[in-house]
Structures are given as structure tokens and as C-alpha cells.
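Inspection log for the structure reproduced underneath, given as C-alpha cells.
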Amino acid sequence: MPLTLQEKKAIVEEVSEVAANAHSAVAAEYIGLTALQMDDLRAKARQNGIYLRVVKNNLAKIALEDTEFDCMRGEMVGPLLLAFSMEDPGSAARLVRDFAKENEKLAAKVVALNGQAMPGSELGRVASLPTKDEAISQLMSVMKAPIEKFVRTLNEPHAKLVRTIAAVRDQKQGAA
């Protein structure tokens, strides 16, 4: 049953709103996936904060206009599903990569990040981006390292004195 003009406008508005707030996007070909596999993919997407939608390419191209994912429009050919990372840049890519390992029928065609479209072969690079928690952890370790080194430097003269006194004590006890 064809979509009415109102339904098409609603889909375009919804996808456009999601694209405006997303960190990255993946367009993947899904030919051959069963309904159960698609349901499983949608469930995993919901668990990971990923917006997943099968949209006609013409509607998707209109929805992506004036967003940072406008760069994907030229590569959108054939039946595609769109996955938008809402929480961290690599989550949609990780979802598609992991699901494609189990189901060869799912193939990434385009990956977009920071206004740049990349071929589906770059999916692994985007998927390897750290999650928000991992990025915060890395930042904190970088911020903490100079302070730890400073404290160790301040503590070293005292530690050296203690080691020297202990060595003298051991030497005197050995001589006696």
C-alpha cells in the first residue's frame, strides 16, 4: 500500500530530526535478511541507543539535506537501512559490523562521520572509535599522568634518603 503525502512528510521530518542530532550514520544493504533477523537487529539497536530505519532512498535523500549526512546522498542506491548513532560516534558502526559477522546478508555501503562519507569498507575504523565512557577514561588517565609524575618527583628525595639509611644500616649489621 503506497504511502500518503502526509506519511511521507512525517517520515522525512522524523529522519531529518534524528540526523540533525546524530553523531554518525551507516547505510547498509539488507537484501536477504529475514523478518526475524530484522527484528533482532532492531532490538539490538534499541538497546544501544541507535536509531534504525528502513526508508525509501528518495525520502532519505530529502531528509538528509542540510544535515552533516548530506554527503551520503550520492551513495544511496538500492534497498538500504539507515542506522544513526545517537550516543557515541561508533555505536551504529559497531552494531552493523557485529550483526554482519553473524549474517552475511547485511553489508555496509556508506559510513558518514563529521560530514564525510566513507565507503562501507571503512566501517571497522569507525566501529573502533571509543565509547563515551572509554573516551572519558582515556582523557582522565592523560590528565592524571603529569600529577602522578610530579608527586613521585617530590617524593623521590625522601625515598632516596630512606634507602641510603637502610643500606648503611644493613652494611653496619653485616660488619658487626
| field | Angle between the chain longest axis and helix 35-47 axis [Cα atoms, degrees, rounded to 10] | value | 40 degrees
| request: Using only Cα atoms, locate the centre of the range 118-138 and the centre of the range 54-117, then give the distance between them in Å, rounded to an integer. | output: 15 Å
| field | For Lys109, residues with placed amide H under 5 Å, excluding near neighbours | value | Ala27, Ala28, Glu29
| field | Mean Cα-pair separation over length for the chain, i.e. relative contact order, pairs under 8 Å, 6 or more apart, % | value | 25 percent
| remark: Quarter of the surface of the C-alpha convex hull for the range 1-116, i.e. direction-averaged projected area in nm², equals 6.9 nm²
| message | Using the Cα centre of the chain as origin and beta-carbon charges of +1 (Lys, Arg) and -1 (Asp, Glu), tell me which of Val151, Ala92, Leu81 is placed farthest towards the positive end of the dipole. | response | Val151
| field | Shape category assigned to the range 1-56 from the gyration tensor of Cα positions, a/c cut at 1.5 | value | oblate
| query | Quick one: Leu129, Leu113, Leu3, fewest Cβ neighbours within 10 Å first, how do they rank? | reply | Leu3, Leu129, Leu113
| said: How much length would be gained if the chain were fully extended between Val162 and Ala20, taking 0.36 nm per residue of separation minus their Cα-Cα distance, in nm to one decimal? | reply: 45.0 nm
| note | By the C-alpha gyration tensor axes a ≥ b ≥ c (rounded if a/c is under 1.5, else prolate when a/b exceeds b/c, else oblate), the shape of the range 130-176 is prolate
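FYI, it's all coordinate maths here, none of it is from the lab. On a predicted model such as this, the values are computed, not experimentally measured, just so you know. Neighbour counts are summed over all protein chains in view; Cβ atoms, including those assigned to glycine, are modelled from backbone coordinates with ideal geometry.
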